[in-house]
Amino acid sequence: MAEIYKMHGIKKILYEFKLQFVITIIFLLIWLAFYLLNPPAFSNPFTYTSIMGVVPFTIIPAISLTLVIIAGEIDLSFASVMALGPLVMALTWQAFGEPTPLGILLGLLAGLGAGLLNGILITKLGIPSLIATIGTLFLWRGVVLVVTEGFSIPLGEFRNTLIYSIFVGRVFGIPVQFFWAIVLAIIFWIILNRHKFGAYIYYIGDNRTAARMVGINVDRVLITVYAIHGMVAAFAGILDSLEMATFWPALGDIYMLKSIASVVIGGTPVTGGVGTIYGTFLGGMILGFIEMGVLASGVSGFWIRLVHGVVIIIALAAQGIIRKGELAKIRIMRLLTT
Amino acid sequence: MPEKNIVEMHNIVKKFGAVVALKGVDFYVRENEIVGLVGDNGAGKSTLVKILFGIHASDEGEIIIKGKKYKRLTPKKAYELGIVLIHQERTLCENHPIWRNVFMGRELTNRFGFLKIKEMKELAYKSLAALELTKMPVDTPVKYLSGGYKQGVQISRAFTFEADLVILDEPTVALSLAEVQKVLDYVRELKRKGKSAIFISHNIYHVYPVVDRFVILNRGEVVAEFYKKDLTPEDLSEIMISIARTGKVPKEYEELNLYKKASPQSAS
Ligand SMILES: Nc1ncnc2c1ncn2[C@@H]1O[C@H](COP(=O)(O)OP(=O)(O)O)[C@@H](O)[C@H]1O
Ligand SMILES: [Mg+2]
């Protein structure tokens, strides 16, 4: 027992990454279940490219949200920031009459600004993040509604331009936004696991007082995390508006709970200190597979929520069991290291 | 023996709301000197060293480190000046491996901030080996360790860092006798290498063997300072009891008390 951390190879990997292992199994089981329910649909590449076309809008904001949650905080406002970013872009494009990269840049900056505001409210004014981001959730959605007066902004005229293909084109039939999700996942994995900044995010979530006492600038790290998250959310919103070739004022609303669910299914607990990008990515994939699977199996779309709910609960139950087992192990190991 | 002060703190006042934790403390550490900072619970020992390390800002007073004056330090600045503080409180991240905890806040990185993981693991292993804590691989999350082992991980932070002034705040509390000896050996090693240290402890028998000078803090004030060579542990024990009871040093020891004879400023 005391030798758990002296294990090698497969055994050690299974032990250390058991949460990821479990989430992978759940993902494969769901895949198998839908395949058995409807083999033709799940043998058809089109099904998969359809999933890849839509999951990035859930997964991309969930990736940066993972950082926020690892740091022991939460953000709800990203759902509105997902509309703020593309709104700024759409207005810029309208003003210029062409899809200028400046529009994208300004859209991302708007997201960055929204994130900075969250970070400052939470750290400098000490407002709990749940409350602060409910405030900014309303604020930015309100701004979007007032500016658009509730109307959509068509972007169809800008289709078939380079900028479209870069963000939401198709490569060998695969939606480019899925590659963006993978690239962002890799970048954020590297930040979290190989960079000082990622280490600080984990420490702040694990033991904030300790982080302060060893000299980590907690406020600055948190503000940066929120700023990054705001920018990434704006980016996801921009992708969605491009994919749909329109900006609509409710953009982002449906992703709030799905992105949070992706993080949580993926094994990042809301208590902070631990969590993985891999889990979040698969969490998002699971939700996407369920949506497509339910539709493909021919039953009513109303089933989607129900199946989502069941899977979320199963994933959380599995995590709960694993963590309980760990507590027992901790007690034994502590005795053995005395 | 060199007579230069590596650190001087003048008239340090610190209030926490209505609580006055430090009431104008003068304190100094000489180059290559080991100072034992002792005193009852709540005397203000931890607060004093936290101000020196930049965790708290003092309300009044000034700090001089290596001849330069500072109004407000930060831990980052303190590290740069060669000061390391091992906290009395547990400052560990339980879910993270030993090696990350050893380097927490002071990671070895390349110039882009990417972690030098292999180097940190090796150095962490060496530092823990100095305390004979090699039972568990450095990949082990800290939550699996016993209290004493955790304390060892925390202390080993000082070992990875060539500090000029090491501050140990009650480092021996959770340790076994053998582990206490390792910590004392480490402090002796600092002395041999020409470094300085502040050793805070409740247990004067732990401090006594390694220090050069004692500073006794009582209710936010320095009440006495003695050279170790002037006292036996029993003398010190008697003095401490008297201070706890009456706030005063017994008369027969008063002439050995450096604090009344010479203010720290003139000692420099
Ligand atoms: N962060 C803090 N907030 C409020 N009061 C504090 C804080 N830190 C210390 N104190 C108070 O300051 C006094 C000195 O505490 P401390 O420096 O921890 O003493 P010691 O280390 O000598 O036991 C105590 O009365 C303590 O309650
Ligand atoms: Mg203390």
Here the stretch A:107-116 yields Karplus 3J(HN,Hα) values (6.51, -1.76, 1.60; θ = phi - 60°; whole Hz; Gly and Pro given as x) of x, 5, 5, 4, x, 4, x, 4, x, 4
The answer for the net charge of residues other than A:G215 whose Cβ lies under 10 angstrom from its Cβ, with Lys and Arg +1 and Asp and Glu -1, is +4
Among A:Y35, A:V311, A:P45, flag the residue with its Cα farthest along the positive direction of the charge dipole of the stretch A:20-337, charges on Cβ as +1 for Lys/Arg and -1 for Asp/Glu. A:V311
With a sphere of radius 15 Å drawn around the Cβ of A:W248, what net charge do the other residues whose Cβ falls strictly inside it have (Lys, Arg +1; Asp, Glu -1)? -3
Euclidean distance between Cα centres, the stretch A:206-256 to the stretch B:1-75, Å: 41 Å
If you take the beta carbon distance between A:T338 and A:E149 as r and set R0 to 51 Å, what does 1/(1 + (r/R0)^6) give as a FRET efficiency, to the nearest 0.05? 0.15
Which angle from 0 to 90°, rounded to the nearest 10, does the C-alpha axis of helix A:255-265 make with the longest principal axis of chain A? 20 degrees
Pop the C-beta distance of A:L139 and A:D219 into the FRET formula with R0 = 22 Å and round what comes out to the nearest 0.05. 0.55
Just to be sure I understand: if you take the accessible area of chain A alone plus chain B alone and subtract the pair, with a 1.4 Å probe, what total do you get in Å², rounded to 100? 3000 Å²
Average beta-carbon neighbours from other chains, 10 Å sphere, peptide A:326-336: 3
Just counting partner chain Cβ atoms within 10 Å, what average do the residues of peptide A:211-223 show around their Cβ? 4
Using only atoms on other chains, find how many Cβ atoms lie within 10 Å of each Cβ of peptide A:198-208 and report the average. 5
For a quick protection proxy, order the peptides B:214-221, A:258-265 by their average other-Cβ count within 10 Å, most packed first. A:258-265, B:214-221
Compare the Cα positions of B:T74, B:W99, B:A124 along the charge dipole of the stretch B:71-139 (+1 at Cβ of Lys, Arg; -1 at Cβ of Asp, Glu; about the Cα centre) and return the one farthest towards the positive end. B:T74
With +1 on the Cβ of every Lys and Arg and -1 on the Cβ of every Asp and Glu, and nothing else charged, how large is the dipole of the stretch A:148-250 about its Cα centre, in debye rounded to the nearest 20? 480 debye
Per-residue counts of other Cβ atoms within 10 Å, averaged by peptide: what ranking do you get for B:161-171, A:39-49, highest first? B:161-171, A:39-49
Carbon plus sulfur, as percent of the 1.4 Å-probe accessible area of the stretch A:20-337, comes to 74 percent
Whole Å is fine, so just give me how far the alpha carbon centre of the stretch A:16-33 lies from that of the stretch A:59-106. 31 Å
Express the accessible area of chain A per residue in Å², computed with a 1.4 Å probe while the remaining protein chains stay in the model. 44 Å²
From the Cα gyration tensor of the stretch A:20-337, with a ≥ b ≥ c the square roots of its eigenvalues, which class applies: rounded if a/c is under 1.5, or else prolate if a/b is larger than b/c, or else oblate? oblate
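The values are calculated or read from the model by the stated rules, or taken from the named source; none is laboratory data. None of these values were measured; they are calculated from a predicted model. Here the Cβ is made from the backbone with ideal geometry for all residues, glycine too, and neighbour counts use every protein chain on show. Quick note on the areas: whole protein, heavy atoms, side chains included, nothing else; ligands and nucleic acids left out. Shrake-Rupley method; radii C 1.70, N 1.55, O 1.52, S 1.80 Å.
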